[in-house]
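S.K.: Take a look at this one; I'll ask things after.
The values are calculated or read from the model by the stated rules, or taken from the named source; none is laboratory data. Fair warning: this is a prediction, and the values are worked out from it, not measured in the lab. All Cβ positions, even for glycine, are placed from backbone atoms using ideal geometry, and neighbour counts span all protein chains on display. The accessibility values were calculated without ligands, DNA or RNA, using every heavy atom of the protein model including side chains. Shrake-Rupley method; radii C 1.70, N 1.55, O 1.52, S 1.80 Å.
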Amino acid sequence: MDYGIDIWANNNFYIDNKKVKVNHKSSPSLVKITKEIRQRGIRGPILLRFPHLIEKQINLIYENFKNAKDEFGYRGSFNAVYPLKVNQYPNFVKNLVCIGEKYNYGLEAGSKAELLLAMAYSNEHSPITVNGFKDKEMISLGFIAKEMGHNITLTIEGLNELENIIKISKERFSCTPNIGLRIRLHSSGIGIWAKSGGINSKFGLTSTELIEAIEKFKESNLIENFKMIHFHIGSQISEIGPLKKALREAGNIYAQLKKMGAAALDSINLGGGLAVEYSQYKDEIKRNYTLREYANDVVYLLKDISTAKKVKEPNIYIESGRYIAASHAVLIAPVLELFSQEYTEEKLKLKDNNPPLVQELYELYDTINSAYAQEYLHDSIDHMNSLLTLFDLGYIDLIDRSNTEVLVNLIIKKAIALLKDRDSKELLQIQDMIQERYLINFSIFQSLPDFWGIAQNFPVMPLDRLDEKPTRSASIWDITCDSDGEISYNREQPLFLHELDVTKEDYFLGFFLVGAYQEVLGMKHNLFTHPSEATITIDESGYKIENILESQSILDIIEDLDYDIKELKEKLDKKIKKSKNIDEETKKHISKEIYLFLNDNGYLKTIN
Ligand SMILES: *Cc1c(COP(=O)(O)O)cnc(C)c1O
């Protein structure tokens, strides 16, 4: 059982000696890293960041575009900016900026907060692009960035933003930032995010508005600042077709605008959208292109249009986020409990005189073997149905019914173990009946919000015991009190995990490709917050665990909701003082206990 690691892991992780290992230099196993962090007293879910995986993605993008440019003799430059909205966490962004320095890799901002982050952390002279809706203040902030020496482009989403730029350029006696126009394409992406492109999209200027914008640029002497056109047809573009269509459309708009007098216009920004393969199952593979194909198509098409229209080949900008960030983070969460352990042999309460069908069930259980496993299984399910009917009619009692449940469950488990090397459809169906519920110490709302919101699947697998065939069909429960906090067992995409005794052993699940969007979209449902995190750097001789940040304390979480912490503590203290059931000594003691709880994080503690 390899959990589809060849499909989604991109050679970043591999299985060796029963364990998932990081495929880099000294190749440590994830379980070793996890245990070492836990030895430092950290419990609950842990997010591991791997900077070498950020570097790998950045290198891949530049390499592939360089190759494409060389192959087609493309004369425009290639530039990339990272859209901050995908992950703004400092231990990601700072690594990214540092790694990107040699490429002059830039940042994209979509809000005032992100723009200020970009102004503070971007590498000197690297490009900053600004998208999204902007008020006068945000546009002024763009001017300030330019005055500070940043290479900044404000992309206009509507004509009113242009009016504001014109106004501000007259008010401020200094240089004006580069201006970009977001174009509204009639072609759009596909999939859940397609709304970002297309004629009904929330963003961009129509052809009529583009013509108007060019006139306004000329009137206000800003035509020299108009440098870029931009489009973004949506995230996670699974097929290359729509992108090619959008490129042809954008390429022709570029050529037209240049002919209409946009002399300084020299760049096309393709936005993001490069897809990540999240599937663990061959039948569910979504992405139908490689990065090489993407780069070749972009460069070839833009070259082709420029040649045909006799305009200078545009500089290419891309704003890929998901592709850069997704793989760098792995969420590791411990299993807390299994929810069908009551079905062990010790739970049987057989009587001296059992109803005949119960007795027969017991004999099936006792004598089942691989030759007859399937047949016995069918018989036992038949018997169970008859016995349940007998219970409804009042012929057998609760103890008989419990014995039935336990026996059938035990028979199914035995049968699965006996049949596990045969790939029968029926076996899969039987698995449905005896799903094991694995309670995992994490919150789906906090750590996999896209699973909750848009049914995005993330690859999941145990970190250890990968030499043993997992026999339990698993559904995953998180620790929130919400029935949506569940990844249920799905016959089409079955997840199997190992049998285990949580009182005796640790068992960790890894959720992969969680580095894009999940962290900042995460919700504090039930007041579970961002998991503890650590950055892992690996070299030839070993690895280093750095920047360990423990999950927020309960006190901080409550303070974030704008409770007055002093008041909260006073209220608790008062209640302790007033309580009549306990003596002074106990009062002091529980005060201390509460203090410890408030300063600890809210995730559960495993026994081990
Ligand atoms: C969200 C966004 C991106 C990033 O998209 P990915 O699919 O994550 O690469 C890029 N540009 C703009 C304008 C965006 O809104």
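S.K.: Determine the pairs where a residue that is on the phi > 0 side of the Ramachandran plot, located within the range 16-41, has a partner that is open to solvent by less than 60 Å² (accessible area, probe 1.4 Å) and part of a loop (DSSP other than H, G, I, E, B) with Cβ atoms under 8 Å apart, the partner being 6 or more residues away or on another chain.
M.R.: So the pair list comes out as Lys18/Asp464; Lys18/Arg465; Lys18/Leu466.
S.K.: Hey, does the range 510-518 have a residue that's of a type outside the set (S, T, N, Q), within 16 Å of the ligand (Cβ to nearest atom), touching a residue at least 60 places away in the same chain (Cβ under 8 Å) and in a helix (DSSP H, G or I)? Walk me through it before giving the result.
M.R.: If we filter the range 510-518 for residues that are of a type outside the set (S, T, N, Q), which is where we start, we get 510-517.
Then keep just the ones that are within 16 Å of the ligand (Cβ to nearest atom); that gives 513-517.
Checking which are touching a residue at least 60 places away in the same chain (Cβ under 8 Å) leaves us with 513-517.
Filter once more, keeping what is in a helix (DSSP H, G or I): none.
No, the conditions are met nowhere in the range 510-518.
S.K.: Right, something else. If I ask for residues that are of a type outside the set (D, E, K, R) and within 16 Å of the ligand (Cβ to nearest atom), which ones from the range 519-538 would you list? Please lay out each step first, then the result.
M.R.: Step one: filter the range 519-538 for residues of a type outside the set (D, E, K, R), giving 520-523, 525-532, 534-538.
Residues satisfying the conditions are Val520, Leu521.
S.K.: Something else about it: Name, by its number, the condition in (1) of a type outside the set (Gly, Ala, Ser); (2) without any contact (Cβ under 8 Å) to a residue 60 or more places away in the chain; (3) open to solvent by less than 30 Å² (accessible area, probe 1.4 Å); (4) closer than 24 Å to Val93 by Cα that does not hold for Ile538.
M.R.: With respect to (1) of a type outside the set (Gly, Ala, Ser); (2) without any contact (Cβ under 8 Å) to a residue 60 or more places away in the chain; (3) open to solvent by less than 30 Å² (accessible area, probe 1.4 Å); (4) closer than 24 Å to Val93 by Cα, Ile538 is out only on (2).
S.K.: So, in the range 211-238, exactly how many residues are open to solvent by 10 Å² or more (accessible area, probe 1.4 Å) and either within 14 Å of the ligand (Cβ to nearest atom) or farther than 30 Å from Leu291 by Cα (or both)? Give the steps one after another, and end with the answer.
M.R.: The first filter runs over the range 211-238 and keeps only residues open to solvent by 10 Å² or more (accessible area, probe 1.4 Å), leaving 211-212, 215-216, 218-221, 223-225, 227, 232, 235-236, 238.
Then keep just the ones that are either within 14 Å of the ligand (Cβ to nearest atom) or farther than 30 Å from Leu291 by Cα (or both); that gives 211-212, 215-216, 218-221, 223-225, 232, 235-236, 238.
Number satisfying all stated conditions: 15.
S.K.: Is it the case, given these coordinates, that Ser591 is open to solvent by less than 90 Å² (accessible area, probe 1.4 Å), on the phi < 0 side of the Ramachandran plot and outside any loop (DSSP other than H, G, I, E, B)? Working first, answer last.
M.R.: On the way: open to solvent by less than 90 Å² (accessible area, probe 1.4 Å): yes; on the phi < 0 side of the Ramachandran plot: yes; outside any loop (DSSP other than H, G, I, E, B): yes.
Spelling it out, Ser591 is indeed open to solvent by less than 90 Å² (accessible area, probe 1.4 Å), on the phi < 0 side of the Ramachandran plot and outside any loop (DSSP other than H, G, I, E, B).
S.K.: Please enumerate the residues belonging to the range 388-425 that are in a helix (DSSP H, G or I) and without any contact (Cβ under 8 Å) to a residue 40 or more places away in the chain. Walk me through it before giving the result.
M.R.: Residues of the range 388-425 that are in a helix (DSSP H, G or I), as a first pass: 388-392, 398-419, 425.
Within the range 388-425, Leu388, Thr389, Leu390, Phe391, Asp392, Leu398, Arg401, Ile412, Lys425 qualify.
S.K.: Follow-up question, since we're still on this one. Contact list please: Cβ distance under 7 Å, first residue in the range 170-185 and under 12 Å from Ser140 (Cα atoms), second residue open to solvent by 20 Å² or more (accessible area, probe 1.4 Å) and of a type in the set (Gly, Ala, Ser), pairs at least six apart or on different chains.
M.R.: Going by the 7 Å Cβ cut-off, the qualifying pairs are Thr176/Ser169.
S.K.: With Gly198, Gly180 as the choices, which residue is of a type outside the set (Lys, Arg), at pLDDT 95 or above and within 16 Å of the ligand (Cβ to nearest atom)? Before you say what the answer is, go through the steps one by one.
M.R.: On the way: Gly198 fails: at pLDDT 95 or above.
Exactly one residue qualifies, and that residue is Gly180.
S.K.: Considering only the range 435-449, I want to know if a residue exists there that is open to solvent by less than 10 Å² (accessible area, probe 1.4 Å) and farther than 30 Å from Ala326 by Cα.
M.R.: No, the range 435-449 contains no residue that is open to solvent by less than 10 Å² (accessible area, probe 1.4 Å) and farther than 30 Å from Ala326 by Cα.
S.K.: Looking at Ala263, Ala255, which is the one that is part of a loop (DSSP other than H, G, I, E, B), away from the ligand (no atom under 15 Å from the Cβ) and surrounded by fewer than 24 Cβ atoms within 10 Å (Cβ to Cβ)?
M.R.: Working: Ala255 fails: part of a loop (DSSP other than H, G, I, E, B).
Matching residue, one of Ala263, Ala255: Ala263.
S.K.: Considering only the range 346-384, how many residues are open to solvent by 80 Å² or more (accessible area, probe 1.4 Å) and not small (Gly, Ala, Ser)?
M.R.: Narrowing the range 346-384 to residues open to solvent by 80 Å² or more (accessible area, probe 1.4 Å): 346-347, 349, 352-353, 356, 360, 363, 366, 371-372, 375, 378, 382.
This time we only want the ones that are not small (Gly, Ala, Ser), so: 346-347, 349, 352-353, 356, 360, 363, 366, 372, 375, 378, 382.
Total meeting the criteria: 13.
S.K.: Continuing with this model, one more query. Could you grab me the full set of residues in the range 466-496 that are farther than 22 Å from Phe528 by Cβ and either of a type in the set (S, T, N, Q) or open to solvent by less than 10 Å² (accessible area, probe 1.4 Å) (or both)?
M.R.: Filtering the range 466-496 down to residues farther than 22 Å from Phe528 by Cβ leaves 466-473, 489-496.
Of everything in the range 466-496, those that are farther than 22 Å from Phe528 by Cβ and either of a type in the set (S, T, N, Q) or open to solvent by less than 10 Å² (accessible area, probe 1.4 Å) (or both) turn out to be Pro470, Thr471, Arg472, Ser473, Asn490, Gln493.
S.K.: I've got another one for you. Give, as residue ranges, the helices (runs of 4 or more DSSP H) completely inside the range 271-370 that count at least 3 residues that are touching a residue at least 24 places away in the same chain (Cβ under 8 Å) and away from the ligand (no atom under 16 Å from the Cβ). Break it down into steps so the answer makes sense when it comes.
M.R.: Working: elements: 291-309, 322-325, 356-367.
Qualifying helices (runs of 4 or more DSSP H): 291-309, 356-367.
S.K.: Specify which of the listed residues (Lys25, Lys56) is in contact with a strand residue (DSSP E or B) (Cβ under 6 Å, 6 or more places away or on another chain), modelled with pLDDT of 95 or more and open to solvent by 60 Å² or more (accessible area, probe 1.4 Å).
M.R.: Working: Lys56 fails: in contact with a strand residue (DSSP E or B) (Cβ under 6 Å, 6 or more places away or on another chain).
Being in contact with a strand residue (DSSP E or B) (Cβ under 6 Å, 6 or more places away or on another chain), modelled with pLDDT of 95 or more and open to solvent by 60 Å² or more (accessible area, probe 1.4 Å) holds for just one of Lys25, Lys56, which is Lys25.
S.K.: Here is a check on your reading of the model: is Arg75 open to solvent by 10 Å² or more (accessible area, probe 1.4 Å), modelled with pLDDT under 95 and either on the phi < 0 side of the Ramachandran plot or in the same structural domain as Leu116 (by TED's automatic domain parsing) (or both)?
M.R.: Details: open to solvent by 10 Å² or more (accessible area, probe 1.4 Å): yes; modelled with pLDDT under 95: no; either on the phi < 0 side of the Ramachandran plot or in the same structural domain as Leu116 (by TED's automatic domain parsing) (or both): yes.
When the stated conditions are applied, Arg75 does not pass them.
S.K.: Here are Ser541, Ser553: which of them is small (Gly, Ala, Ser) and closer than 19 Å to Arg43 by Cα? Don't jump to the end; show me each part of the working.
M.R.: Numbers: Ser541 fails: closer than 19 Å to Arg43 by Cα.
So the residue among Ser541, Ser553 that is small (Gly, Ala, Ser) and closer than 19 Å to Arg43 by Cα is Ser553.
S.K.: Out of curiosity, is Lys566 modelled with pLDDT of 95 or more, assigned to a helix (DSSP H, G or I) and open to solvent by 70 Å² or more (accessible area, probe 1.4 Å)?
M.R.: On the way: modelled with pLDDT of 95 or more: yes; assigned to a helix (DSSP H, G or I): yes; open to solvent by 70 Å² or more (accessible area, probe 1.4 Å): yes.
Yes.
S.K.: Another question, if that's okay. Taking the condition over 20 Å from Leu60 (Cα atoms) and assigned by TED's automatic domain parsing to the domain that holds Val406, does Val335 pass? Quick ask: steps written out before the conclusion?
M.R.: Working: over 20 Å from Leu60 (Cα atoms): yes; assigned by TED's automatic domain parsing to the domain that holds Val406: yes.
Yes, satisfied.
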